[in-house]
Structure formats: structure tokens, C-alpha cells
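Notes follow the structure.
The values are calculated or read from the model by the stated rules, or taken from the named source; none is laboratory data. All values derive from a computational prediction rather than experimental measurement. Here the Cβ positions follow ideal geometry from the backbone for every residue, glycine too, while neighbour counts run over all protein chains shown. Heads up: the accessible areas ignore ligands, DNA and RNA and are worked out on the full protein's heavy atoms, side chains in. Shrake-Rupley method; radii C 1.70, N 1.55, O 1.52, S 1.80 Å.
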Amino acid sequence: MRRNKMRITGAVVVSAALALSAVACGGDDDGGSGGGGDEITIGFMGDLTGENSGLVIPPKQGAELAFEQYNATNPKVKIKMKTYDSQGKAEQATPLAQGAVKSDKIAGLIGPAFSGESESVGPILEEAKIPSVSPSATSVTLAEKTWKYWHRVVADDAVQSEGAATFLTNSVKVKKVFTVSDNEAYGKGLADAIAKSTAAKGAQTQSDTVNPKAADYSSTVNKIVGYKPDAVYFGGYYAVAGRLFKQLREKGYQGKMMSGDGSLATGLIEGAGEKNAQKALLSCGCLIDAEGKTNEKAKKFATDYKTKFKADVAIYSSEGFDAATAFIEAVKAGKTKPEDINSFLKTVSFPGVGKPIKFDDKGELAAQDIFIYEVQGNKLPLLGNSNEAKVS
């Protein structure tokens, strides 16, 4: 998931509302004072109060739960999580990262959540030798920076686009695809990759961009209606996707509408209107398993998460939990200094809540999958892996 920037997500908004009071810029999530030989501070950075916070509060909560459960075991070294509300904006993330390094002396960072802010914060963390694990930044270029302290627990947009294209051509059986983006780092990169991947599989493609700050997308909608594609794929975030999908349906477009991980939130349904959003499709490198059907760890996590936050697990909840667990495993192994933690992350290997967690030499997950979801009512249930999912 990127910006200048799997589990059933019906409760993202509820989850967000429960957490807003605890996520002020630089907030402490579990109390206590920072530093000291018996406690280290791990930061969490992302959009916690902005228009796309519904994508970031779930992983923040997942990380919070992981640290709370670890600290409850009364370990020799406890972990305090400190939050940094960047609102997904690079210009806000940069000074926050500088303060986190210089003033708060963080030993590691979960995030940034979006790719645009990750590109700005990465050099700061690299210079300070502070390891980071993003639960959701998906830009392909992040892994090409040759950063030594950067990691993520989600597949990148190249993998997502290939998975989504496979699903569109094999299951939806598209012949014509129209891609739209918000013309920002994440959205444009994903939409361009989808167009390239579907074209390589034999589909005709056409594309356009919309202004994410605008409300009227009639120019793009008219182009789509005139082109008569089998599917429209939007690269960007749910606030814009909702408006676009609403206007498409109101204009009479009856083909498939699809977007990526940046739109995998109930905010999409609210923005488009429940009727207009029905059967909209979403792709994501995250596995949202609110019922814990995939494995026992996922089942326990879903139960614990709902008990604490009174909401189902949502997008990137488990990625937040797994990112935090990577840091926990380092501390349990006696690694409390940033450089020692980073060295440990190069070799860490454990079964995560949603997927195996093991990083390659670029900080990418060694194993990557893409999953497909579909709007049904006011929910976003999982259809399955992109290689096997079938439209309802």
C-alpha cells in the first residue's frame, strides 16, 4: 500500500474509532518511560488520523496486541511502542522520523505504512542504522534502494499486479481492461503494472488518471463508458475509489470494478454507497482471516484481537502483529541494540499469523501470495488466492 502515500474487514471503521484517542502524534501506547536497559522503544508510523487511517489503524492495533502479550510474560526486556501520526504524508513523516531517532531513541520502527513516506523516511533510518519493518508499503522501488535496514511483511506491487492480472484473465475472463490511477506514487505504479500485466496476458487496455482532491470524475467516467471494458481497475485509496465507483454505476457502467490493497476497507463501500459497491473486487498481499479458518495461529489472533478491540481483524492487522513479532523475536534472542536487531532480522524465520516470515537479502518476504476479496453487502469476504479465486 502506498501514497505520496487476509481477514474480513467489515469492522475497519469501528476499529479505527476505538483507537483514535490513543494515536496522537508521538503517543505512548503502553505507558512507561522510554530507554533503559530493561526496556526498549519500537516506533509505529503511519496515517492514524487522516482520510486513509482505516488502512493503518488495524496494523497499529495488531502491533499493539503483540507487544502487550509479550510484555505480559514479564520478560527481562520489555518493549514500549510509540506512535507517530504522519497522516501518510512524506512532509510530516520526515521530521517525525528525525525526532524518533534523535529524541526518542527508538530501537526500531514498524512502518512507515505508505510507500511515499517510506521513501522519505528510509534514508533517515539508514543513516541512523535503525531497522524498520513495514506492514503495508508496497512500492516496487523500495526494495531497489539497497537499504540495509529496511524490511516489509507484504508482497510488492509487481507481485500484486501479476496476481490481480491472473485473476482478471483466468477467472473474470476479461478481454478489455481500463486502468485508472490517482497519479500518485502508489496508485500510478499499481495501475500501470496492472495494465502491463493484463496486456501481456492478451487483454486490450486503456488508461486515465483522476485528481484525488477532485469530486467530479465525469471526464474519466465518460471515457470508460465509451470504451466498454470488461473491468475497471483503480490504483489508489478507498476514498477516491468510492467516488469513482459510485459515478461509474450512476453512469450505467455494468462491468467489473476492482482496486488494490489501498481500497480494501469498508470506507470503499461507504464512499460508493452499498448498492453501487456490490461485487466490487479487491486484491491484496494480506490475508484477512477473521474466522481463523486458515491456521491455529490465525484463529487465536482473531479471537485475541476481537477481545481487545471489540472488532474483527481487518486489513494489515496480522501484518502489524507479525512485524511486531519480528522485533519481539530479536529481543527474546538478547538483541536490544538497533544494529544487533537488524542483524537478527536478516536471519529471523517463524510462522506468522498470515504467512511465513522470513526476509531475503533485499528485505522482502521470501514467500509471497496475493488474495482476492469481494464486496458482499457491507462486508469484504475473502474469495481466495489469486490463482484459485472465483467470482461469485
### Query
When the Cα centres of the range 319-385 and the range 135-152 are compared, how far apart do they sit, in Å?
13 Å
#### Entry: Carbon/sulfur fraction of accessible area - the chain, other protein chains in place, 1.4 Å, %
49 percent
### Value of relative contact order over the range 23-179, rounded to a whole percent, pairs C-alpha under 8 Å and six or more apart
22 percent
### Message
At R0 = 45 Å, how high is the FRET efficiency between LYS102 and ALA367 if r is their beta carbon distance? Nearest 0.05 is fine.
### Response
0.80
### Message
Straight-line reach only, C-alpha to C-alpha below 26 angstrom: list the lysines that LYS89 could link to, leaving out same-chain residues fewer than 8 apart.
### Response
LYS5, LYS60, LYS80, LYS102, LYS105, LYS129, LYS145, LYS148, LYS188, LYS213, LYS362
### Task
Would you mind pulling out the separation of the Cα centroids of the range 212-236 and the range 40-77, in Å?
36 Å
### Query
Using the heavy atoms of the protein chains alone and a 1.4 angstrom probe, what is the accessible area of the range 98-206 per residue in square angstrom?
34 Å²
### Query
About the Cα centre of the chain, what is the dipole size in debye to 20, counting +1 per Lys and Arg Cβ and -1 per Asp and Glu Cβ, all else neutral?
860 debye
### Task
Would you mind working out the accessible area per residue for the range 335-392, using a 1.4 Å probe, and quoting it in Å²?
49 Å²
### Peptides ranked, highest mean first, by Cβ atoms within 10 Å: ranges 258-266, 180-188, 137-145, 332-340
258-266, 180-188, 137-145, 332-340
### Proximal charge balance of SER343 [Cβ under 11 Å; K/R count +1, D/E count -1]
+3
### Query
In a Debye calculation with equal point scatterers on the alpha-carbon sites of the range 32-149 and no solvent, what is log10 I(q)/I(0) at q = 0.18, 0.19, 0.22, 0.23 Å⁻¹?
-0.89, -0.98, -1.25, -1.33
### Query
Taking Cα atoms of the chain, Rg/Rh with Kirkwood Rh, to two decimals?
0.97
## Note on the structure
the range 212-327 accessible area per residue, 1.4 Å probe, protein heavy atoms, integer Å², reads 36 Å²
### Summary
In the chain, taking the dipole from +1 charges on Lys and Arg beta carbons and -1 charges on Asp and Glu beta carbons about the Cα centre, the listed residue (GLY252, GLN92, THR336) farthest towards the positive end is GLY252
### Task
Please give the contour-minus-distance gain from THR141 to ASP340: 0.36 nm per residue of separation, less the Cα-Cα distance, rounded to one decimal in nm.
69.1 nm
### Query
So what are the ³J(HN,Hα) numbers for the range 160-165, from phi and the Karplus equation (6.51, -1.76, 1.60; θ = phi - 60°), rounded to whole Hz, Gly and Pro as x?
4, 5, 5, x, 5, 5
### Message
From Cα pairs below 8 angstrom and at least 6 apart in sequence, can you work out the relative contact order of the range 246-392, rounded to a whole percent?
### Response
24 percent
### Task
Considering only lysines 8 or more places apart in sequence, or on different chains, count the pairs in the range 254-321 whose C-alpha atoms sit under 29 Å apart.
20
